[in-house]
Amino acid sequence: KVVWAVLDRLQGQHTPTLLPDPSTSQVMAVQTVSSCCAGATSSVVTAPLDLIKTRIQIARKRDGQPATFRAVLQEVLREDGWRGMFRGVVPRMANGTLWSTAMVTVYEALKR
């Protein structure tokens, strides 16, 4: 109901006591925007962790010891700084946004 109240307020159709039922196009618009935001946010939040995980997986063992999370983190920060932690985040965001939008759209269509 909060989302619809904000949407109504933005459209200048604020009804103080009773909110009208949203149209199908409004529901789809809110779901699409929400899933895009969720996909983009999750991609940005998990990008550094995924980068470190991937580098650990492909790292060669040094002195017989496997690469550690901390060692890989320090190496990335030393070589590329914080920007290096987010290398490749734009394609990752595009992928996450498309997948989450498709998933929510199909789920909501099947739910009805």
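Angle, helix 24-58 long axis vs. longest principal axis of the chain, Cα atoms, 0 to 90°, nearest 10?
Around 10 degrees separate the two axes.
What 222 nm value per residue comes from the helices of the chain, counting each DSSP H run with n ≥ 4 as -39,500 (n - 2.57) and dividing by all residues, nearest 500 deg cm²/dmol?
So the calculated ellipticity at 222 nm is -26500 deg cm²/dmol.
Carbon-plus-sulfur fraction of the accessible area of the chain, 1.4 Å probe, in percent?
Values: 5480 of 8580 Å².
Answer for the chain is 64 percent, counting heavy atoms of protein chains only.
How far is helix 89-111 tilted, in degrees, relative to the longest principal axis of the Cα atoms in the chain, given as a value from 0 to 90 rounded to the nearest 10?
With both axes taken from Cα atoms, the answer is about 40 degrees.
Roughly how many nanometres apart are two label points built 7 Å out from the Cα toward the Cβ at Gln65 and Glu79?
Taking the two extended label points, one gets 1.9 nm.
Consider the candidate values (1) 16.8; (2) 17.3; (3) 15.8; state which one is Kirkwood radius over Cα pairs in Å computed from the structure displayed.
Only one listed value fits the structure, namely (2).
Running a GNM on the chain with Cα contacts under 10 Å, which residue among Ala102, Ala38, Ala67 ends up with the highest mean-square fluctuation?
Answer for the Gaussian network model of the chain: Ala67.
With axes computed from alpha carbons, what is the tilt in degrees of helix 2-11 against the longest principal axis of the chain, rounded to the nearest 10 within 0 to 90?
70 degrees
Under a GNM of the chain (C-alpha, springs under 10 Å), which listed residue has the highest mean-square fluctuation: Gly96, Gly84, Gly39?
In this elastic network of the chain, the residue with the biggest mean-square fluctuation among Gly96, Gly84, Gly39 is Gly84.
The values are calculated or read from the model by the stated rules, or taken from the named source; none is laboratory data. Since the structure is predicted, the reported quantities are computational estimates derived from the model, not experimental observations. Please note: Cβ atoms are built from the backbone with ideal geometry, for glycine as well, and neighbour counts cover all protein chains shown. Areas reflect the complete protein model, heavy atoms only, side chains present, ligands, DNA and RNA absent. Shrake-Rupley method; radii C 1.70, N 1.55, O 1.52, S 1.80 Å.
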